[in-house]
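Down below is the structure, laid out as structure tokens.
Bear in mind these aren't lab numbers, they're just calculated from the coordinates by the rules spelled out. Predicted model, so just to flag it, every value in this text is computed and none were measured. Using ideal geometry, Cβ is built from the backbone for each residue, glycine included, and neighbour counts are taken over all protein chains shown.
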Amino acid sequence: MSASTLRAAGMVTVVVAALLGSAFALGRSLMPEQPHRGSGVAASVHAPHYGDQPPSTEFPGPPAGHGEPSPDASPSAPDNGRRADDSEGPYGAEVSTGSARIALTFDDGPDPQWTPQVLALLKEYGVHATFCVVGENAEAHPDLVRSIVADGHSLCNHSWNHDITLGERSPQAIRNDLMRTNDAILAAAPDARIAYFRQPGGAWTYPVVSVCEELGMTPLHWAVDPTDWQVPGADKITETVLTQTRPGSIVLMHDAGGDRSGTVEALQRLLPELLHRFQLEALPTGTT
Ligand SMILES: [Zn+2]
């Protein structure tokens, strides 16, 4: 081997070592390393579940926390969402109801299979919740949007088509996306008040928060994430919610985007238990 070949080989080794080092550092920076897993790290795990996305890299994958960060892991949260007692999530997004009451939130619908089951359970237990709906789903299922409103639940804009990278687009593109979504919701339920926006994947950016507030919506994050989109089973979903929910918690679940039978089964067990411990509320819309 010539000296130059050796030098080249040496360079490659250095570069590979450096890349491995950064990947390790990146992994560490994205990993929830401390016990308060439910308090906002979910920015990285809410992302890849949306039903319209191809079931690519994450499915089937190892459970979260087994090493590699999700390829969709959000780099957005400036503090990695690690503080356990935050009253604010990434970029000031809400993670707490601001009172002792807790709020259940259901994302990614409406879905003709799962949303009616969730609505039926909430009605059975007299619980009001908040639904973070995707614009194209609202347009496809206006009857379900009306059912959500008619049952006394509140609404949250969850972008037109669950665009996890929405926050990286121009303010005008973000504005158009959010307004199009609101228009679809209002076409279904003209009297609805859409007081909240939740960024898909929790991938908040300053522009998305800014436009969201400009349009009169409060950025809504969460405090408790049972990662039900990963289909961990009803037992695990139930356990996570019961062990992590505290007064004021905003709890993230999904009524769309995949097989939600585990979520529905968990909800059936959770509702009586949560009602025993907490008051539950639909996040207020400012109209009542
Ligand atoms: Zn979502």
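Odds and ends about this structure:
- Relative contact order for the stretch 225-288, counting Cα pairs under 8 Å that sit 6 or more residues apart, in percent: 37 percent
- Using the Karplus relation 6.51 cos²θ - 1.76 cosθ + 1.60 with θ = phi - 60°, the per-residue 3J(HN,Hα) values for the stretch 149-161 come to 5, 4, 7, x, 8, 9, 10, 9, 6, 10, 6, 5, 9 Hz, with x marking Gly and Pro.
- Remark on LEU220: its backbone amide H falls under 5 Å from those of GLU94, PHE197, ARG198, GLN199, a criterion applied only to residues 5 or more positions apart or on other chains, H modelled at 1.01 Å from N.
- Length-normalised contact order of the stretch 167-241 in % [C-alpha pairs under 8 Å, at least 6 apart]: 30 percent
- Centroid-to-centroid, using Cα positions, the stretch 85-118 and the stretch 236-288 are 8 Å apart.
- Charge tally in the Cβ shell below 15 Å around GLN279, where Lys, Arg are +1 and Asp, Glu are -1, GLN279 excluded: +1
- Positive contributions from Lys and Arg (+1) and negative ones from Asp and Glu (-1), summed over other residues with Cβ under 14 Å from the Cβ of ASP143, come out at -2.
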